[in-house]
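The values are calculated or read from the model by the stated rules, or taken from the named source; none is laboratory data. Predicted model, so just to flag it, every value in this text is computed and none were measured. Note that each Cβ is placed from the backbone with ideal geometry, even for glycine, and that neighbours are counted across all protein chains shown. Just the protein is used for accessible areas: all its heavy atoms, side chains included, with ligands, DNA and RNA removed. Shrake-Rupley method; radii C 1.70, N 1.55, O 1.52, S 1.80 Å.
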Amino acid sequence: MTQETMLPFAGLTPDILLDAVESLGLRASGSLLVLNSYENRVYQLGMEDGPPLVAKFYRSGRWSDAQIMEEHAFSLELAEREIPVVPPLLFGDASLHHYQGFRFALFARRGGRVPELGDSNTLEWIGRFLGRIHALGQVLPYQFRPALDIRSFGEESVAYLLDGNVLPADLREVYRGVAAQALDGVRRCFERAGAVRQLRLHGDCHNGNMLWTDDGPHFVDFDDSRMGPAMQDLWMLLSGTRDEQSAQLADVLAGYEDFCDFDLRELYLLEGLRTLRLLHYAAWLARRWDDPAFPVAFPWFAQPRFWEEQILSLREQIALMDEPPLWRLP
């Protein structure tokens with residue numbers, strides 16, 4: 001493993017960061033606030049001639065320039081249609097910039113609070129905007145960004161974990177068996193759903209990537225945007241018992257279907273997608289463990305207790321994936 005891989009942001013000093021921003025013709029005041037991000041590095045910067053801006057410096061080796069610019073183009077398309085997202089700012093018609101080996105983009109700073117997902121009106125409002133995002137997302141496919149699929153999110157994640165040294169020795173074979181059963185369950189979910197529509201997604205639509213103001217929600221951080229089924233952007237809004245999730249989904253779709261049709265066969269995917277996220281998240285942490293920021297932020301990942309809980313969660317998912325969908329399909 002190269003030093004660049006282990007320490008991807010080691011050279012990103014405050015001086016380099018500010019010089020990068022000023023290379024675009026801006027004048028920073030020097031005030032700097034680190035924002036919560038691990039995959040990339042994100043900062044709020046004070047500006048001498050205007051409100052603060054947000055600078056995102058991209059992790060090397062994760063996305064190509066073409067993949068980043070494709071995601072930027074989607075965000076800009078959404079903003080042009082007055083869909084509440086926070087797109088990158090353009091400088092000389094460019095959204096992605098390079099400075100001394102780093103790639104970065106600038107965004108307007110948009111505040112807000114975490115939405116209350118227990119409120120039916122809030123869920124319907126979010127559903128309307130997700131419907132608008134997906135209505136545009138289905139018009140054209142991504143050419144460069146990957147799809148959310150069983151191979152990349154599930155099979156490759158499990159293989160990476162088993163090939164590495166993060167699993168406790170006494171749990172390795174247990175995890176291998178449970179993960180294999182979980183992947184079988186995911187395959188059955190996708191088989192039952194059939195050939196559902198693939199579209200450009202937000203990709204990581206949890207409440208931390210939505211900010212709420214008196215004008216409603218706006219969506220931030222399309223960094224995980226990729227092709228996939230609409231359900232991927234819906235299931236993370238759901239929590240609680242089966243009945244509670246059923247009611248929450250009804251609220252979301254009441255708004256969503258004002259702008260985009262939802263294929264009810266995707267209900268079969270809900271627990272399968274949740275299972276894929278569990279597998280992918282564990283592998284993501286393992287892949288980033290040599291980045292010094294990760295052991296500090298996620299110390300529990302190296303403990304046997306984490307893997308015991310992962311195994312338990314996967315066993316629960318295996319059972320849930322064999323249950324009927326939230327609603328009876330026609």
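Numbers for the structure displayed
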| read-out | value |
| --- | --- |
| Complete set of residues in region 48-64 that are of a type outside the set (Lys, Arg), within 25 Å of PHE222 (Cα to Cα) and touching a strand residue (DSSP E or B) at 6+ places or on another chain (Cβ under 6 Å) | PRO52, LEU53, VAL54, ALA55, PHE57, TYR58 |
| Output for region 287-310, where each listed residue is of a type in the set (A, V, I, L, M) and either under 22 Å from the mean Cα position of the chain (by Cα) or within 20 Å of SER239 (Cα to Cα) (or both) | ALA293, VAL296, ALA297 |
| Residue count for region 115-154, restricted to those that are hydrophobic (A, V, I, L, M, F, W, C), open to solvent by 70 Å² or more (accessible area, probe 1.4 Å) and in contact (Cβ under 8 Å) with a residue 60 or more places away in the chain | 3 |
| Residue count, region 307-330 (criterion: modelled with pLDDT of 95 or more and farther than 18 Å from ARG274 by Cβ) | 2 |
| Of the criteria (1) open to solvent by 40 Å² or more (accessible area, probe 1.4 Å); (2) farther than 22 Å from ILE16 by Cβ; (3) of a type in the set (Asp, Glu); (4) at pLDDT 95 or above, which one ASP93 fails | (4) |
| Test result for ARG277, modelled with pLDDT of 95 or more, closer than 20 Å to ARG187 by Cα and not aromatic (Phe, Trp, Tyr) | yes |
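Yes/no matrix, rows are residues, columns are (1) of a type outside the set (S, T, N, Q); (2) out of contact with any strand residue (DSSP E or B) (no Cβ under 6 Å at 6 or more places or on another chain):
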{"residue": "LEU89", "(1), (2)": "yes, no"}
{"residue": "GLY92", "(1), (2)": "yes, yes"}
{"residue": "SER95", "(1), (2)": "no, no"}
{"residue": "HIS98", "(1), (2)": "yes, yes"}
{"residue": "ALA105", "(1), (2)": "yes, no"}
{"residue": "GLU116", "(1), (2)": "yes, yes"}
{"residue": "ARG132", "(1), (2)": "yes, yes"}
{"residue": "GLY137", "(1), (2)": "yes, no"}
{"residue": "ALA147", "(1), (2)": "yes, no"}
